[in-house]
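What follows is a single structure, written as structure tokens, with notes after it.
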Amino acid sequence: MPPANLDARRTLRHLMRARRATLPARQRLEAGNALAQQLALLPIVESAQTLAGYFACTGELPLHEVPGLCRARDLDYLLPVLGRGRGLRFARWQTGASLLSNRYGIPEPDVAEAELLAPEHLDIVLVPLLAFERGGMRLGSGGGFYDASFAMLQRVRRPARPWLCGVAYAFQEVDSVHPALQAQPWDVRLDAVLTDRETILCAQDPACTTG
């Protein structure tokens, strides 16, 4: 990646983390409520059996209403679990069930390894992010876990399952020409973004082919 892009990504991550940190708790909760209402209206939810979320930390938009939505729609709700490398797997979880902290201090379901699901077995994945643009590019925290875990989507015509849906506050949107959001070979585009204000269906990469 060119040094200019690295600097732009570093700067934008710092800016968005700082801005998220200033949000009062009430605004975060209201954003989570609004997001769940929009999620409930997505047609893909009607045919899904599994939906993966995340445990919100460091100011991420909270998903506190999503487990209840999943119960009401008879969906399995899952959370990501770190492996040794960058690959994620996912475990079913219900509110109140046991959690353990991973190596980054993020809570994960306390389940046996045999109960973990591979990324390709999911229907919908809610993806945390620091910034996004409407074409489906996202800026994550820099670990590359989601890009590595869903790299198989680069080889198929989109949309496909798993359906990747970014989750963000509206202020995390940036222009598509921002240097921090210029596509890299390992980046996996989102199918949609849900914010506290709207649902954005992303344009797909015309270079994507079936395979």
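The values are calculated or read from the model by the stated rules, or taken from the named source; none is laboratory data. Note that the coordinates shown come from a computational prediction; the quantities given were computed from them, not determined experimentally. When we count neighbours, we look across all protein chains shown, and the Cβ atoms used for this are built from the backbone with ideal geometry, even at glycine. Just the protein is used for accessible areas: all its heavy atoms, side chains included, with ligands, DNA and RNA removed. Shrake-Rupley method; radii C 1.70, N 1.55, O 1.52, S 1.80 Å.
Ranking Met152, Leu139, Pro80 by how far each Cα lies toward the positive end of the dipole of the chain (charges on Cβ) leaves Leu139 at the top.
When the alpha carbon coordinates of segment 116-161 are projected onto the principal axes, the ranges are 26, 25, 17 Å, largest first. Calculated mean residue ellipticity at 222 nm for the chain: -7500 deg cm²/dmol, from DSSP H runs with n ≥ 4 weighted as -39500 (n - 2.57), summed, divided by the residue count and rounded to 500. The amide H of Cys202, built 1.01 Å from its N in the peptide plane, has Ala192, Val193 as neighbours under 5 Å, considering only residues 5 or more places off or on other chains.
Taking only alpha carbon atoms, segment 1-142 gives an Rg to Rh ratio of 0.97, where Rh is the Kirkwood radius.
Across His121, His14, His178, His64, the residue with the most accessible area heads the list, and the full order at a 1.4 Å probe is His14, His121, His64, His178. The chymotrypsin sites (Phe, Trp or Tyr not before Pro) found in segment 93-194 that occupy coil by DSSP, while having at most 14 further C-beta atoms within 10 Å, are Tyr104, Trp186. Rolling a 1.4 Å probe over the protein chains gives Ile44 an accessible area of about 30 Å².
Rounded to whole numbers, the Karplus 3J(HN,Hα) couplings from phi for segment 192-197 are 7, 9, 9, 10, 6, 10 Hz, using 6.51 cos²θ - 1.76 cosθ + 1.60 with θ = phi - 60°, and x at Gly and Pro. Largest GNM mean-square fluctuation across Leu164, Leu75, Leu15, computed for the chain with C-alpha springs under 10 Å, falls on Leu15. Taking 0.36 nm per residue of sequence separation and removing the Cα-Cα distance, the Ala56/Ala40 pair yields an extension gain of 3.8 nm. Amide H to amide H distances under 5 Å link Leu99 with Asp110, where only residues 5 or more positions off or on other chains count and H is placed in the peptide plane.
The fraction of accessible area contributed by carbon and sulfur in the chain is 53 percent, rounded to a whole number (1.4 Å probe; ligands and nucleic acids excluded).
Between Ala170 and Val111, the modelled labels are 3.6 nm apart [label points 7 Å from Cα along Cα→Cβ]. Ordering Arg157, Arg28 by accessible surface, largest first, gives Arg157, Arg28; the 1.4 Å probe counts only protein heavy atoms, with every chain in place. When Rg and the Kirkwood radius Rh are both evaluated on Cα atoms of segment 78-210, their ratio Rg/Rh stands at 0.97. Basic side chains Lys and Arg get +1 at the Cβ, acidic Asp and Glu get -1 at the Cβ, and with that the dipole of the chain about its Cα centre reaches some 460 debye. For a paramagnetic label modelled on Tyr104 (point 7 Å from Cα along Cα→Cβ), amide N atoms under 11 Å away belong, within segment 133-174, to 140-147.
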